[in-house]
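Q: Starting off with a structure, shown below.
The values are calculated or read from the model by the stated rules, or taken from the named source; none is laboratory data. Treat the numbers as computed from the prediction; the structure is a model and nothing was measured. Positions of Cβ are generated from backbone atoms using ideal geometry, with glycine treated the same way; all protein chains shown enter the neighbour counts.
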Amino acid sequence: MKEARRRTGLAVAIGTLLSLAVGASAQDRVSQTVHNLSAAGPGTVRASTETQVCIFCHAPHNTGGSRPLWNRGASLASYQIYQSSTLDAQTGQPTGASKFCLSCHDGTVALGSVLSRTERIRMAGSDYIPAGLSHLGTDLSDDHPISFFYTSGLAASDHQLVNPVALQADVELDDTGQLQCTSCHDPHHNTFGKFLVMSNEFGALCTACHVMNGWASGSHRSSSAVVSGAASGDWPYATVAQNACRSCHRPHTAGGHHRLLIHQNEEDNCLSCHDGLVAQTNILAQLDRFSAHDPRSYVGLHDPVEVTTGSPPHVECVDCHNPHAASPQDVVPGYIAIGATLAEVPGVTIGGTDVATANYEYEVCFRCHGDSPVPVPRRVRRQADVPNLRLSFSTGNPSYHPVVQSSPSPDTVSLVPGYTRGSLIRCTDCHNNDAGPAAGGSGPNGPHGSNNSFLLERNYTVQDGTPESASAYALCYKCHERTSILSDQSFEEHRKHIEGEDTPCAICHDPHGVSTTLGLGLDRTHLINFDVRVVLPNPDNGLRIFEDLGTHAGSCTLICHGEKHNDERYGN
């Protein structure tokens, strides 16, 4: 094994490392790397006069007795260790080989402080490791966890870790079964950069231990998009696929400590690429629209293991997208239960049960717009006012738009070609980018941002007194034939109300569904749920009701636009 080879080489003669350099590949010997701290070393950090290479870490005599002939005193620092709600390993203070590495890299011990000398070796510049990514300090909360027992039990409980018995030969645990710095780094060889034990191109080193759900088919694994190379990104390779895990994560001195993200603000790790410069879709531009799911408005509120009910309102990119599994959605005709961009995302069923993987788009939406409804600006106040959309779309309601199940109405006559009774729609058929493909534009799909109120794909006027036009109610007319509505095929006074009274659809109809949870005991068919700002109780009897009297027939008792309705009937 590799460790045995290292020890054998040291036992034969530490100095022979220099003579073996001839004919070796670049940085295949410690003398060729920045770990050569001698005066002749290739790095900027080196000794003033010391010519020996190995002495900074090893010596044949007068060492502390630690293997392999360790020549440095351990740091006495107490470390702040990595913590995360998604970490299953039991971590503690660094041990073993990791302590050896930290005797230089935590910056508390002088580089020339060796056990075999009474005086420390003087350096040409600072006696301590300079500032930079290699200076880890004593705060290891932004570094990959180390010194924990990597067991089969840990892999089984985590579900996304390789069983240690199946680890690649290059990735070694120490003699006690702990993962140490040396599991990823070989201090004597820098063939792959960063002293890695193997190349991390295409995430090879990361995926030697981590097997993330959906990664095999995710676009971040296969994307050939060229990264911008901005310094803030710290991307070592040219394309997204080559960077793989490193597109978003940094194993040391990470900006986002809890998930080792490059940037502290979660959304910055997404928007640094999804700004139109790397990814084809410019999501960043959508967030500045009039209505948007803007993750920049929330800081430090999201947690991958958060419970759905009771969590503070927020929206982050990862609330809807799993960056390991998400891939572009193919444009295909017909209904799709859930798009590929939402793969491997948690959800809430129509019955209110949390599920680890949503099967329907609406289950993702219910995480925020269900039992813990987020505030919606300019929301219409209704007679049966239930902000919980999971209850509004319940299939036990007398009426609802066919998101969860096909509509219960037997007499919808106004549907445009392509829709029939029994058709299903998705939340994003209404809530979407107003400049996206479905609206005739070239922008990205999805409810990231829209210049229409309520994050709608098309205009939907809710202001009373608005003259009827194809644009005023463009969202409704997307599925319902305007000519059918204005010719009174389903309600004999549609035209009178919409054109004659300038009454928007929203005054009478609730676009989601009408929940009976308030126990009002009134008819709620045909999505009738009055806007209480406009439709008032009849002063003669205090009633504000609609009664369904059969196919295309009903009765209203209320007052609207100053006109009283007392059991005013229409239809047969």
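Q: Can you name the condition, by its number, that Ser223 falls short on among (1) buried (at least 20 other Cβ atoms within 10 Å of the Cβ); (2) over 20 Å from the mean Cα position of the chain (by Cα)?
A: (2)
Q: Please verify whether Ser471 is outside any helix (DSSP H, G or I), touching a residue at least 12 places away in the same chain (Cβ under 8 Å) and small (Gly, Ala, Ser), treating the condition exactly as stated.
A: Judged against the criteria, Ser471 is a match.
Q: Still on this model: Provide a single number: the residues in segment 340-359 that are outside any helix (DSSP H, G or I) and either touching a residue at least 12 places away in the same chain (Cβ under 8 Å) or under 25 Å from Gly436 (Cα atoms) (or both).
A: 13
Q: For the list (1) of a type in the set (Ser, Thr, Tyr); (2) farther than 25 Å from Thr395 by Cα; (3) in contact (Cβ under 8 Å) with a residue 24 or more places away in the chain; (4) in a helix (DSSP H, G or I), I need the number of the one condition that Thr466 fails.
A: (4)
Q: For Asp411, indicate whether it is touching a residue at least 40 places away in the same chain (Cβ under 8 Å), surrounded by 15 or more Cβ atoms within 10 Å (Cβ to Cβ), among the acidic types (Asp, Glu) and not in a helix (DSSP H, G or I).
A: Answer is no for this residue.
Q: Kindly indicate the residue of segment 101-129 that is aliphatic (A, V, I, L, M), farther than 16 Å from Gly41 by Cβ and surrounded by fewer than 20 Cβ atoms within 10 Å (Cβ to Cβ) and also modelled with the highest pLDDT among those meeting that condition.
A: Ala110
Q: If you go through segment 531-563 one residue at a time, how many are closer than 15 Å to His497 by Cα and loosely packed, with under 14 Cβ neighbours inside 10 Å?
A: 2
Q: Exactly one of these conditions fails for Lys99: (1) closer than 28 Å to Leu173 by Cα; (2) charged (D, E, K, R); (3) part of a loop (DSSP other than H, G, I, E, B). Give me its number.
A: Condition not satisfied by Lys99: (3).
Q: Could you check segment 383-437 and list, in sequence order, the residues that are at pLDDT 95 or above and among the basic types (Lys, Arg)?
A: Arg390, Arg426
Q: Among the residues of segment 318-339, are any buried (at least 21 other Cβ atoms within 10 Å of the Cβ), without any contact (Cβ under 8 Å) to a residue 24 or more places away in the chain and outside the structural domain of His249 (by TED's automatic domain parsing)?
A: no
Q: Go through (1) surrounded by fewer than 20 Cβ atoms within 10 Å (Cβ to Cβ); (2) outside any helix (DSSP H, G or I) and name the single condition Gly443 misses.
A: Gly443 satisfies all of (1) surrounded by fewer than 20 Cβ atoms within 10 Å (Cβ to Cβ); (2) outside any helix (DSSP H, G or I) except (1).
Q: Can I ask one more? Of everything in segment 180-200, what is of a type outside the set (Val, Ile, Thr) and touching a residue at least 60 places away in the same chain (Cβ under 8 Å)? Give them in sequence order.
A: Passing the criteria: Gln180, Cys181, Cys184, His185, Asp186, Pro187, His188, His189, Asn190, Phe195.
Q: Can you confirm whether segment 70-78 contains a residue that is more than 36 Å from the chain's Cα centre (by Cα), closer than 18 Å to Pro187 by Cα and surrounded by fewer than 19 Cβ atoms within 10 Å (Cβ to Cβ)?
A: Yes, the conditions are met somewhere in segment 70-78.
Q: If you don't mind, another one. Can you find, within segment 353-381, the residue that is farthest from the chain's Cα centre (by Cα) among those that are under 18 Å from Glu316 (Cα atoms) and polar (S, T, N, Q)?
A: Looking at the filtered set, the residue picked out is Ser372.
Q: Being surrounded by 14 or more Cβ atoms within 10 Å (Cβ to Cβ), among the aliphatic types (A, V, I, L, M), in contact with a Leu (Cβ under 9 Å, 6 or more places away or on another chain) and under 20 Å from Cys57 (Cα atoms): is that true of Val197 here?
A: Spelling it out, Val197 is indeed surrounded by 14 or more Cβ atoms within 10 Å (Cβ to Cβ), among the aliphatic types (A, V, I, L, M), in contact with a Leu (Cβ under 9 Å, 6 or more places away or on another chain) and under 20 Å from Cys57 (Cα atoms).
Q: Another question, then. Could you tell me whether any residue of segment 285-303 is part of a strand (DSSP E or B) and surrounded by 15 or more Cβ atoms within 10 Å (Cβ to Cβ)?
A: yes
Q: Related question: One residue is enough: does segment 153-165 have a residue meeting the conditions under 29 Å from Val53 (Cβ atoms), crowded, with 16+ Cβ neighbours inside 10 Å, modelled with pLDDT of 95 or more and in contact with a Cys (Cβ under 9 Å, 6 or more places away or on another chain)?
A: There is no residue in segment 153-165 that is under 29 Å from Val53 (Cβ atoms), crowded, with 16+ Cβ neighbours inside 10 Å, modelled with pLDDT of 95 or more and in contact with a Cys (Cβ under 9 Å, 6 or more places away or on another chain).
Q: Let me ask something else. If a residue counts only when it is closer than 22 Å to Ser407 by Cβ, among the aromatic types (Phe, Trp, Tyr) and in contact (Cβ under 8 Å) with a residue 60 or more places away in the chain, which strands (runs of 3 or more DSSP E) contained entirely in segment 475-572 have at least 1 such residues?
A: The qualifying strands (runs of 3 or more DSSP E) are 563-570.
Q: Still on this structure: Can you name the condition, by its number, that Ala26 falls short on among (1) farther than 20 Å from Leu111 by Cβ; (2) modelled with pLDDT under 55?
A: (2)
Q: Among (1) closer than 30 Å to Glu172 by Cα; (2) polar (S, T, N, Q); (3) in contact (Cβ under 8 Å) with a residue 60 or more places away in the chain; (4) surrounded by 17 or more Cβ atoms within 10 Å (Cβ to Cβ), which single condition is Ser217 missing?
A: In the conditions (1) closer than 30 Å to Glu172 by Cα; (2) polar (S, T, N, Q); (3) in contact (Cβ under 8 Å) with a residue 60 or more places away in the chain; (4) surrounded by 17 or more Cβ atoms within 10 Å (Cβ to Cβ), Ser217 misses (4) alone.
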